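For reference, the structure discussed in these notes is given below.
The values are calculated or read from the model by the stated rules, or taken from the named source; none is laboratory data. Note that this is a predicted model, so its numbers are computed, not measured. Note that each Cβ is placed from the backbone with ideal geometry, even for glycine, and that neighbours are counted across all protein chains shown.
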Amino acid sequence: MRRLALPPLPLAVKLPLLAALCVFLAAVATTQVTSRALEREVDRALAQLGAVYLDGLAAALARPLAARDEAAIAAALGDALRVQEGVRERQLVVWPGPGLPPILAGEGSAPPHPASQPPGWEMDRDSRSAWVRRVVPVPGAAPAVIAARLDLGESLDRRAALRLWLLGLDVALAALAALLAALLARRAMAPLLLVAGVLDRAGAGDFRPLPPARPPAPGSEAARLLASAEMMLARLSEREELAQRLAEREQAAGLGELAATIAHEVRNPLAGMLTALGSLRRFGAAEEERARACDLLERGLRQIERVVEATLATHRGPPEPRPLSAEDFQDLEALLRPEAARRGVRLRLAVRLAAPFPADALAARQALLNLLLNALAATPPGGTVSLSVEEEAEGLRIEVLDEGPGLPEPARRLLSGERGRGPGLGLSVVMAQLARLEGRIAVDTAPGRATRIVLHLPRPEPSAA
């Protein structure tokens, strides 16, 4: 059988309830302890009253007991029963001495001999009366014993009624005190509850302060707590506005960087395509030159298409990658020849790739194109930029070697994987595409000598392929 799980009570309800319960229990317990103490005092007062009554009775029986006059003893007991003011007796008994029968007055039979019942105060079996006994010395004879059964019914009834009335009054006063304690606890928690409400609204994005209906006293702890909460809300509001501005700036910067990257990547194949158009105009009549130029135009357009598709991959998923083939390196050579000729730099390619390599051709082309453009820009006129491609057991090894003055320190840190940005977007594109290819890069450079950059593209596992 599943137990019904009740929702937990909030602190604003739980704490006043606990305060009220504690005050209620403390008030009831204190009153009950006091009532029990008063009842014990009343019992002692009744015992003293019985002893005083026996003192008077013993004085009235002194002469009859000394004379052993049973008739006078009985008459004195009868007189005591007839006069009942303050104390009502039910039965009086006198044991004149050893071997003498008890003398009775009143209702009931004689009680046991006082030898089995010691002198003192004792409640009777009916719980409505009490026996009080006393030893009376008799001059020249054995002492006598007198006993009286006093009626306590009326006193006990009054005590029961008083106890019930006190219990009702106690519960009413305790409930009133508990209600007052709950109200005071709720009022004491008002600043805390106000701050909790403000923080709840702040968690939902609303940082407006809520002024209390009854502001706390200036300089009090509640006032300081409320002031601290309002200050925190103000700081949070300022921080939220600043974060929103920073997010807008970062979004604008990201869009600008994306646009610049796309323009950078599209510009490179456009240069080769413009060269192919120039070849068509000059050698369009030659079928071989025309076919070569058209192939270059088509591959350039395909590369631009792949750049656009890669840009849209965030929204619709990346396209199926095309393996890297020897034709991609031929396209790179065709794209870079005009730039190399303009700078007066020789371009040397050594590609040993018998079959297409299973790596994203678009990412590899973009990375190599940016590396080779940087190498051409760094190599002085008359120098040589070399590209060698060789397939190994672990994957594909691509080496770019220039004859420039060495890689600048910011660019070296970027290619080494350290945080920071190199000069321009080219090297950032190289590292981004290399991460897509899951490859690694090694840089060998120093001021005043050539720079060698080696890319290692891993061969995919058979299951991944």
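Do we have A263 as loosely packed, with under 12 Cβ neighbours inside 10 Å, within 30 Å of G300 (Cβ to Cβ) and either touching a Phe, Trp or Tyr at 6+ places or on another chain (Cβ under 8 Å) or at pLDDT below 75 (or both) here? Yes.
Please specify each residue of the stretch 140-177 satisfying the condition of being acidic (D, E) and in a helix (DSSP H, G or I). Residues satisfying the conditions are E154, D157, D170.
When you check A367 against the structure, is it in a loop (DSSP other than H, G, I, E, B), under 23 Å from R302 (Cβ atoms), small (G, A, S) and under 54 Å from the mean Cα position of the chain (by Cα), yes or no? Against the criterion (in a loop (DSSP other than H, G, I, E, B), under 23 Å from R302 (Cβ atoms), small (G, A, S) and under 54 Å from the mean Cα position of the chain (by Cα)), A367 does not qualify. Check whether at least one residue in the stretch 439-452 is of a type outside the set (S, T, Y), modelled with pLDDT under 80 and at positive phi, and report yes or no. Scanning the stretch 439-452 turns up at least one residue that is of a type outside the set (S, T, Y), modelled with pLDDT under 80 and at positive phi. Look at the stretch 273-302: where a residue is touching a residue at least 24 places away in the same chain (Cβ under 8 Å) and at negative phi, no partner that is of a type in the set (V, I, T) and assigned to a helix (DSSP H, G or I) sits 6+ places away or on another chain with Cβ atoms under 6 Å.
When P7 is tested against the conditions (1) modelled with pLDDT under 80; (2) closer than 28 Å to M123 by Cα, the lone failure is (2).
Taking the listed residues E70, E85, the one that is modelled with pLDDT under 75 and either surrounded by fewer than 19 Cβ atoms within 10 Å (Cβ to Cβ) or assigned by TED's automatic domain parsing to the domain that holds E39 (or both) is E85, with no other qualifying.
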